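Throughout, read-outs are computed from the coordinates displayed, never taken from laboratory work. Every value quoted in this text rests on a predicted model; they were computed, and no experiment measured them. Ideal geometry is used to build each Cβ from the backbone, glycine not excepted, and the neighbour counts take in all protein chains shown.
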Amino acid sequence: MVEAILSEEERKLRETAGRVLPGGTFGNEGSGIVIRRGEGGRVWDVSGNEYVDYLLGSGPMLIGHCHSEVLTAVEEQIPKGSTFFANNEQGILLADDVVDAIPCADKVRFVSSGSEATFYAMRAARAFRKRDKILKFEGGFHGMNDYALMSMAPKRPGNFPQAMPDSPGIPQRVQQEVLIAPFNDVEAAVALIREHKDELAGVIVEAFQRLIPPAPGFLEALREVTKETGVVLIFDEVVTGFRFAYGGAQEYYGTVPDLCSLGKVVGGGYPLACVAGSEEIMSHFDATKVAEDEFMQQIGTLSGNPVAAAAGRATLRVLREPGAYDRLHAIGHKLMEGIKELLQKTGTKAQVVGEPPLFDVFFTEGDVRDYRTLTSVDNAAQSKFNKEICARGVLKGGNKYYISLAHTDDDIAHTLNAVEEALAELHASG
Ligand code: PMP
């Protein structure tokens, strides 16, 4: 096992983290590495170790760390003020960009995190439909709110549509308000939506669930049955928005929902997210458009924060440059194909799953199409592999390579080299 250097300074910081943070972490990335800075597709820890960065801040840094256009936009905004609570120029112009980009978006409501965005999207669906229940998919991740934490990662999956809470501290009643369906199973999902149509407010789905692409016809079937029943279709595009295509997964896969949540890329690396959707449903955020008891009060101190909005606008400007998405997909494709070749060459029982901007290696040869088929993945091998490549200067999340426009041929070559060595190590240790 190769070990990264651990300086005295970083060791002390880790010790402080262990004393003042639960589990010694912010609750996010668990390796304990303390990052000092990032630039382009790379980050450096406090000890000075350099990593090709596929964690990308869990996705926001699609165009790379410290992109010059984002730095300039933020530096121009900072001396003008950090936050106002009132409307501001940057936020209004970012909302205009979102409406231009995202097929389902007539109107935009800003919040500060993806978890809030999915929470308010579900609430808007309930306000519009005057019904309470939400259907989500087993294994679907929609942040940390009480409704999202149902059958996100159930240890003992129940019978559909029974929801299983993923966390203590969630009121028991919420469990009854969420129905669970199997991802990518058209027949089961359509039947459940039809059966429960009179109590369902909305269906929330990651069009690309974690790393699993939608089976042909799956999103189309959800669109059709929600139209037929009047149930609100919500795409959680916190990950896919502005990543798979400028118009998100709804453009990439060609199915337009009623509402979506956006986060990560839209804030350019700053805390900003939003709910976007049709005029009719979004009117519930507007006291002048709906009856008094249909109006959803929604306030957030930092909503539409001008520094975050400036960073988001600059990021979207870069993404609108001709060829940006072709380039992003080409970079991801190159790494995906390189890893596939190495898996094949070494006879590793593993496969690459996902789309070029976001994928990972799954240590299984079984078909991966929903949460339950993921149980065949050898998680111990996956985690050892991640540790081995991390020790060789490749940083990634537990189960994701996020690709950046800033990743270079050198980064890909370095990564493939690390993957080859890590696979050799894995095979040597059985
Ligand atoms: N939805 C999806 C699909 C996500 O991946 C995430 C975050 N990883 C969220 C919602 C929650 O976003 P945040 O972490 O900004 O609350």
ask   = So which residues in segment 202-257 are more than 16 Å from the ligand (Cβ to nearest atom) and at positive phi?
value = Gly217, Gly230, Gly254
request  = Could you please tell me which pairs satisfy a Cβ distance under 7 Å, a separation of 6+ or placement on different chains, a first residue in segment 111-123 that is within 7 Å of the ligand (Cβ to nearest atom), and a second residue that is in a helix (DSSP H, G or I)?
outcome  = Gly114/Lys264
query = Which of the residues that make up segment 272-294 are within 16 Å of the ligand (Cβ to nearest atom) and more than 14 Å from the chain's Cα centre (by Cα)?
reply = Val275, Ala276, Gly277
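Would you mind listing the strands (runs of 3 or more DSSP E) fully within segment 219-320 where at least 3 residues are touching a Leu at 6+ places or on another chain (Cβ under 8 Å)?
Result: 232-237, 273-277.
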ask   = Across segment 119-142, what is the number of residues that are more than 11 Å from Leu200 (Cα to Cα), of a type outside the set (Asp, Glu) and part of a loop (DSSP other than H, G, I, E, B)?
value = 4
task = Can you work out which of the residues in segment 40-76 that are polar (S, T, N, Q) and either within 16 Å of the ligand (Cβ to nearest atom) or touching a residue at least 40 places away in the same chain (Cβ under 8 Å) (or both) is nearest to Glu3 (Cα to Cα)?
result = Asn49
request  = Working only within segment 276-300, note down all residues that are more than 21 Å from His142 (Cβ to Cβ), surrounded by 16 or more Cβ atoms within 10 Å (Cβ to Cβ) and among the hydroxyl-bearing types (Ser, Thr, Tyr).
outcome  = Ser283
ask   = Out of the residues in segment 257-275 that are of a type outside the set (Ser, Thr, Tyr) and closer than 17 Å to Ser404 by Cα, which is surrounded by the most Cβ atoms within 10 Å (Cβ to Cβ)?
value = Val266
request  = Go through segment 131-176 and give me each residue that's polar (S, T, N, Q), within 16 Å of the ligand (Cβ to nearest atom) and surrounded by fewer than 17 Cβ atoms within 10 Å (Cβ to Cβ).
outcome  = Ser167
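Here is a yes/no grid of residues against (1) touching a residue at least 12 places away in the same chain (Cβ under 8 Å); (2) buried (at least 21 other Cβ atoms within 10 Å of the Cβ); (3) not basic (Lys, Arg):
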| site | (1), (2), (3) |
| --- | --- |
| Lys334 | yes, no, no |
| Gly354 | yes, yes, yes |
| Asp378 | yes, no, yes |
| Ile389 | yes, yes, yes |
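Within segment 321-353, take every residue that is among the small types (Gly, Ala, Ser) and assigned to a helix (DSSP H, G or I) and give me the one that is farthest from Asp97 (Cα to Cα).
Among those residues, the one meeting the criterion is Gly338.
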